Every structure is written in structure tokens, then in C-alpha cells.
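Asks: Can you keep this structure in mind? I'll have questions shortly.
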Amino acid sequence: MNFPIKKINDFFNSIDTFEGITSLWGDIGVGKTTLSLQTAYNNALSGSKVIYIYSKPNFPYNKIDSVIENDLNEVLNNVLFSKPITFKDLYNIVFNLEFIIIDDLKNGDRTFNLVIIDSITDLYGLELQQDKKGKNFNLNYKLNQMLANLTFLNKKYHIDVLIVNELSRKTQEGQTYEVERGGNVMEYWVKNSIKIERTDKINHRKFLLMKRKSNNSLVFYTILNKKGFKEAPK
């Protein structure tokens, strides 16, 4: 996976295939989709094939135009966009990804190298209902299945997986913590974490990187403009 920020690539050892699922998360409007599109662009520009699943209401045409400055047609030829409408649609798409990969392999084509889901829990959150525990249990079960399948694809086909997730909060022993939406399900399956936070400067963002297997972490700052993220000067 080739991120547009060198510090992210260096932190995750600049390996061709990230082990397990990488999660990009944070509050609304911090730039998660922008970074995801930049990542898709970087990988497609280098010749990799990308599946980009976008589950939010309004497709980000303007952001795509801003991020992709040159070679638009060449890049888009390497990116397959998909737009699920319901959580069931997203669930079905995730479980059909292997068929797409196998068809490419059968045809002798260069197969997909990266799957991006933006976002993994947006449609999931819309269907959660406080007074319907049975339905919520089923939603959590399907979310767990989706993440298990994405982990399987990562291991079997050496495909990088980047999922965008929303920020949630939980209270424990009187303390409130920021966590990824999806709770224990996300914590179990996600191996690499990238959190984006706002700062006191409008166009500056704080990044927190985490390798959960080794518990290593890194904090650094970036600048976000119309073209996307770039590293802040020292």
C-alpha cells in the first residue's frame, strides 16, 4: 500500500502488503476520504489495481477532481468504484470480492492489489436500533463476517485492505475514550490503525499511527489543503 505521506509508509515498514487490515478513522470532516482517494490515486498511478467501495450518501466527485491532477483516464482505468446503498449491499459486495479477483486471475489479468472501503460502518450505523437487540446482534455478526473475509483476502491473495471508520466514544469507570465504531469487533480484526485529529490550526491535522501487534506508535502533523495531505514543515 502506497500512502501519500512518507511517514506512514516508513512506519509500516514500506512493505508491499500490509499484514491484516489497516483502519483509517477519526471525526467527521477530518479528511479521511481525501487521504483514501490520495492513496487510491498513488497506487493506481504506479500500475496497481484498486477496488474503491464508497458507502456514504454523496459520491465525492469534487474530491476526486481535486486529488487526481494528471493522467485522470489512466488512473481511473485502474480503479473500480462501487457504491452500495444499504448495509446488505455492502455485505454482498465484500463477499463477492473473491469472485472478481478469481475472474481476473483466470483471464490472466493483473489482479487487484488494494481494497478500500469508505466507510465500513456508515451504513451499519444507520441500521442500528437501540430497542432491537436481535437486529443489532445480527448486524454485529455480519460486520464480523465482513472483516473476517477481508482478512482472508489479505492473506490468501496478498491484497492490501484499507477501511475507513467513524469515531465513537465509550465511558468506562467514569472516563470517556475515543474509539472506532464497531467496538470489540474492530479491535479484534484491525492490525494497523491510522487516526486523524483536528488541531487548533484549521488546515493542520494530527496523525496517530499504531501497530497493534507490536504496540508501536507514532505521532506527527500534516497540512490539509484542496489537493490533499502533505507533511508539515519541521
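What follows is calculated from the coordinates using simple rules that are stated; it is not laboratory data. Bear in mind the structure is a predicted one, so any value in this text is a computation, not a measurement. All Cβ positions, even for glycine, are placed from backbone atoms using ideal geometry, and neighbour counts span all protein chains on display.
Asks: Can you divide the C-alpha Rg of segment 79-168 by 2.2 N^0.38 Å and report the result to two decimal places?
Replies: Working: Rg = 14.3 Å, N = 90, 2.2 N^0.38 = 12.2 Å.
So segment 79-168 has a normalised radius of gyration of 1.18.
Asks: Among Ile194, Val75, Leu123, which residue has its Cα furthest toward the positive end of the charge dipole of the chain, with +1 on Lys/Arg Cβ and -1 on Asp/Glu Cβ?
Replies: After comparing all options, I get Ile194.
Asks: Also: Can you tell me how much longer the chain between Tyr61 and Asp89 gets when fully stretched, taken as 0.36 nm per residue apart minus their C-alpha distance, in nm with one decimal?
Replies: Values: separation 28, 0.36 × 28 = 10.08 nm, distance 2.12 nm.
Contour length minus the Cα-Cα distance gives 8.0 nm.
Asks: Could I ask something else about it? Could you give log10 I(q)/I(0) at q = 0.27 Å⁻¹ for segment 140-222, computed by the Debye formula over C-alpha point scatterers of equal weight, without solvent?
Replies: -1.37
Asks: Within segment 48-66, whose backbone N sits under 17 Å from a point 7 Å along Cα→Cβ of Lys135?
Replies: Residues passing the 17 Å test: none.
Asks: Could I ask something else about it? How far apart, in nm, are the 7 Å Cα→Cβ label points at Glu197 and Asn144?
Replies: Result for the modelled spin labels: 3.1 nm.
Asks: Taking the mean number of other Cβ atoms within 10 Å as a proxy for protection, how do you rank 189-196, 24-31 from highest to lowest?
Replies: Values: 189-196: 21.1, 24-31: 18.0.
Listed from highest to lowest mean packing, they are 189-196, 24-31.
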